[in-house]
Ligand code: RNT
Ligand code: ZN
């Protein structure tokens, strides 16, 4: 225990915070690690471009090109970020035998057996996402398509993914969050908004209609405001998403890049938790648009964490990160975002929420304001360093040396 931590411990005790308890709780926060930061959302099942109105920018060398490379990179990141993680996979990361190809509508659990082995060996649960983009049948609408053949193909894909999600839950012994996001939308003003949305409902009902164990698979639906080339109308809008999840008893997923720029997901968490037993989040950083920049320790990230902790319902919030930056070292990008989110959770856990709520309820807004601001200069960084040292990961800038070494010995060889 360092002197700095001892001092911090005392300082926080002065406002009723037990840092020892916080250190344990922080390590228990299960953050779902998005596999797609490692390879620019390419996956292994198709050769084509990333589509769906999302975009990875940058061409930093060292992208993972194979399952083995991606797994090695994930391991590297896990060695740099202490605490619990789940592995978040997309269907396009299916692993086939040499020469084998299975289209998305025919995927089976066996195509993910290697991932299960990987996750189990590391004590991780798995979350999952059907992939409704980067595919020849996804160059127009998918689950909302008027072309019955296309729509049925994607319904079969969704159903196949529900079965795979069940398999993940059975194998790992941990529930699997299965998130549905479709890129469907229109570049220009559509003639018919109702038709695609009605078909999307029909498709979702057909996917859920195959039946699954709700204690094992949490199906979530992620809404969105717009995508590149889909600026005028998004079929799965916020209202669509909210209406669907609440009427069908599935889980809403909010990605903080998927709203108008002054709308804050931090403000939406409490409302959604009052209506839904569980919610899910994609924590990202939109810069002017849904750009999926690496999560910084910025005000909104901290406010999201604060709302999760202050709600007293951490266990009802499935937390995943969702960004993809190819302009800097991908291992560092992954790790910085993961560590930043955990730092935000630490800061939230080091906040005397009950006292602050009382001040608010008593209308003592001046004192509340002052105490909120003074808390910002409390020594949370010393608690963070202690957290890292107890979990055996490096703190400060020290872990950068590991990134450099990995780049020299592994990433730079990928040419
Ligand atoms: C896209 C959504 C979606 C994807 C991932 C890859 O706007 O945020 O969650 O980023 O599924
Ligand atoms: Zn997302």
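Computed from the coordinates by the stated procedures, all read-outs in this text should not be read as laboratory data. All of these numbers come straight from a predicted model, not from anything done at the bench. All Cβ positions, even for glycine, are placed from backbone atoms using ideal geometry, and neighbour counts span all protein chains on display.
The spread of Cα positions in segment 109-182, taken along each principal axis and listed from longest to shortest, comes to 43, 19, 18 Å. Suppose only helical runs count, i.e. DSSP H with n ≥ 4. What mean residue ellipticity at 222 nm does that imply for the chain under -39500 (n - 2.57) per run, divided by all residues and rounded to the nearest 500 deg cm²/dmol? -13500 deg cm²/dmol, from helical runs alone. Residues of segment 215-256 with an amide N closer than 16 Å to a point placed 7 Å from the Cα of residue 192 along the Cα-to-Cβ direction: 235. Relative contact order of the chain: 20 percent, from C-alpha pairs under 8 Å at least 6 residues apart in sequence.
Apply 1/(1 + (r/R0)^6) to the Cβ-Cβ distance of residue 121 and residue 263, taking R0 = 45 Å, and write down the FRET efficiency to the nearest 0.05. Here the calculated transfer efficiency is 0.65. What the Cα atoms of the chain give is an Rg and a Dmax of 21.6, 68 Å.
Quick one: if the Förster radius is 35 Å, what FRET efficiency do residue 232 and residue 398 give, using the C-beta to C-beta distance and rounding to 0.05? The formula returns an efficiency of 0.15 here.
Cα-based values for segment 25-126, radius of gyration first and Dmax second, are 14.4, 46 Å. Summarised as an ellipsoid, segment 13-63 has semi-axes of 41, 12, 11 Å, derived from the eigenvalues of the Cα gyration tensor scaled by 5 and square-rooted, with the largest first.
Counting only C-alpha contacts under 8 Å and six or more residues apart, can you give the relative contact order of segment 1-88 as a whole percent? Relative contact order comes out at 41 percent. By definition, a body whose alpha carbon gyration tensor gives a ≥ b ≥ c is oblate when a/c is 1.5 or more and a/b is not larger than b/c, and segment 127-278 fits this oblate description. Principal-axis analysis of the Cα atoms of the chain puts helix 238-248 at an angle of about 80° to the longest axis. Taking the fewest neighbouring Cβ atoms within 10 Å as the starting point, the ordered list for 395, 134 is 395, 134. Computed log10 I(q)/I(0) for segment 155-221 at 0.17, 0.18, 0.21, 0.26 Å⁻¹: -0.64, -0.69, -0.85, -1.12, from the Debye equation with unit scatterers placed on every C-alpha and solvent omitted.
Under a 10 Å cutoff between Cα atoms, tell me which one of 49, 171, 108 has the largest fluctuation in the Gaussian network model of the chain. The residue with the greatest mean-square fluctuation here is 49.
Taking the fewest neighbouring Cβ atoms within 10 Å as the starting point, the ordered list for 323, 60 is 60, 323. Axis angle, to the nearest 10 degrees, between helix 194-208 and the longest C-alpha principal axis of the chain: 80 degrees.
Among 86, 202, the order by Cβ neighbours within 10 angstrom, fewest to most, reads 202, 86.
Given springs between every Cα pair under 10 Å in a Gaussian network model of the chain, which of 61, 190, 261 has the largest fluctuation? Ranking 61, 190, 261 by mean-square fluctuation puts 190 first. Test of understanding: in a Gaussian network model of the chain with alpha carbons linked when under 10 Å, which of 344, 191, 27 would top the mean-square fluctuation ranking? Most flexible of the set in this elastic network: 191. Normalised by residue count, segment 254-379 yields a Cα convex hull volume of 120 Å³ per residue. Of the two radii for segment 70-115, the radius of gyration is 1.06 times the Kirkwood radius, both from the alpha carbons; that is the Rg over Rh value. So how tilted is helix 400-409 from the main axis of the chain? Cα-based, degrees 0 to 90, rounded to 10. On a 0 to 90 degree scale, this one is about 40.
Entry note, segment 123-170: relative contact order of 45 percent, from Cα contacts under 8 Å with a spacing of 6+ residues. If the chain linking residue 275 and residue 57 were pulled fully straight, counting 0.36 nm for each residue of separation and taking away their Cα-Cα distance, it would gain 74.8 nm.
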